Each structure stands twice: as structure tokens, then as C-alpha cells.
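**Q** Sharing a structure, written as C-alpha cells. Questions coming.
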Amino acid sequence: MVEQEWIRRAQGGDAEAFAALVRLHQDGVYGFCLRMTGRREDALDLTSEAFLRAYRSLAGFDVTQPFRPWLLRIAANLCRDHLRARQQRPAPVEDAVLADLPDPAPPPPGQVLAVHDRAAVRQAVAELPEPYRTAVTLHYFNHLSYQEISEVLNIPVGTVGTHLHRAKRLLRKRLVEQEVAT
């Protein structure tokens with residue numbers, strides 16, 4: 001069954017259809033929340049809350065629009081509120097925690113990083129300022145386009161590009177300092 005049909009059925013009260021949507025998107029939402037917070041327990045709580053809020057708001061969702069960006073917008077808002085309430089940066093994510101996450105896509109040939117280097121990249125991303133970290137996570141880990149990120153974060157497409165450009169510059173600087181990149 002296609003996602004739009006599951007959404008329509010879920011809007012009509014079909015719990016199994018909504019459960020299918022959860023199964024389809026739970027790894028992506030959990031991975032996003034984990035990368036944003038750095039804590040497994042927080043990510044689990046925020047993932048559950050994101051799906052609960054999505055369920056409550058599903059009646060107003062336009063099935064002609066993509067579901068994943070809408071769901072990630074809910075998760076992004078929850079993560080931002082969570083971090084703001086705690087006035088904290090995300091905790092460093094342990095490799096064991098990140099190992100639980102499915103790899104969204106294999107890297108292109110020639111871009112395979114050693115395990116140590118991947119850990120350094122993950123840590124460098126976790127240390128980015130929140131708007132840059134969010135943009136990087138949505139683009140590189142959740143594979144959203146600039147337009148979709150713009151919709152998720154409710155910012156202009158140009159700002160998305162600026163966030164990603166600045167994030168890459170900060171990441172490059174940090175990784176060169178750590179001798180991970182040249």
C-alpha cells in the first residue's frame with residue numbers, strides 16, 4: 001500500500017494504517033532526534049511525542065503534501081523546545097548508541113571513512129550550533145532537499161543554503177584541527 005493511502009485511512013481512524021506509517025518513519029525520526037539531543041532516552045521520548053502529535057494533527061494534514069517533511073518538522077520543533085528548556089547543547093553521542101541507527105545509505109566509493117573518522121564527524125556535527133546541526137542532520141542524514149528543509153524549519157531556502165555552507169565550513173575547520181580531513 002502506498003503512503004498516501006495509509007495517511008487517508010489513518011485520517012479515517014484506521015489505527016493499523018497509522019501503525020504502518022510509524023513503522024515506515026520511526027527509524028528516521030528516532031535518528032534525527034538522537035542526532036539533535038545526543039541522548040537515547042530523550043530521543044525515544046521525543047520520537048514517541050512526535051508520533052503522538054502527528055496522530056493528533058493528522059486530520060488537518062494535506063495528503064497531497066509529503067508526509068516525511070511534515071513529521072520531521074514536528075520532531076524538529078520538539079527537539080528545539082527540549083534543548084531550549086534544558087538550555088543545553090546535545091550530549092556527545094556514544095558510538096554504541098549510533099551503532100543502533102540504520103545507515104541511511106552507503107557512502108559513495110572513495111568516501112568511506114574509518115570508524116574513528118566517522119565518530120569524529122558525528123561528534124563535530126553534534127557540536128555545531130543548533131540551526132546548523134538541524135540543517136545538516138535533515139540534509140545529510142534524512143536526505144531532505146533544501147526546499148523540504150525550508151518547509152520543515154519554516155525558513156527561506158536561501159537561509160538553508162547559508163546554514164549548510166556555514167556548517168560545512170565549521171565542520172571542515174574542526175576536522176582539519178583533528179587531522180581527520182585535509
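**Q** Which of the peptides 117-128, 62-73 is most tightly packed, and how do the rest follow, judged by the mean count of other Cβ atoms within 10 Å per residue?
**A** With the highest mean Cβ count within 10 Å placed first, the list reads 117-128, 62-73.
**Q** Now for a different question. With each label point set 7 Å from Cα along the Cα-Cβ vector, what nm distance links Asn154 and Asp62?
**A** Going from the Asn154 label point to the Asp62 one covers 1.6 nm.
**Q** Working out 0.36 nm times the residue gap between His165 and Glu3, then minus their Cα-Cα distance, what length gain in nm do you get to one decimal?
**A** Separation in residues times 0.36 nm, less the Cα-Cα distance, equals 55.0 nm.
**Q** Then there is this: Assuming R0 = 35 Å, can you tell me the calculated FRET efficiency for the pair Gln147 and Leu44, based on Cβ-Cβ distance, to the nearest 0.05?
**A** 0.75
**Q** Ranked highest first by average number of other Cβ atoms within 10 Å, how do 11-18, 153-160, 132-139, 48-55 line up?
**A** Going by the mean number of other Cβ atoms within 10 Å, highest first, we get 132-139, 48-55, 153-160, 11-18.
Since every read-out is calculated from the coordinates, none of them should be taken as a lab result. Just so it is clear, the structure is predicted and the values come from calculations on it, not from any experiment. For neighbour counting, all protein chains shown are included, and Cβ atoms are generated from backbone atoms with ideal geometry for every residue, glycine included.
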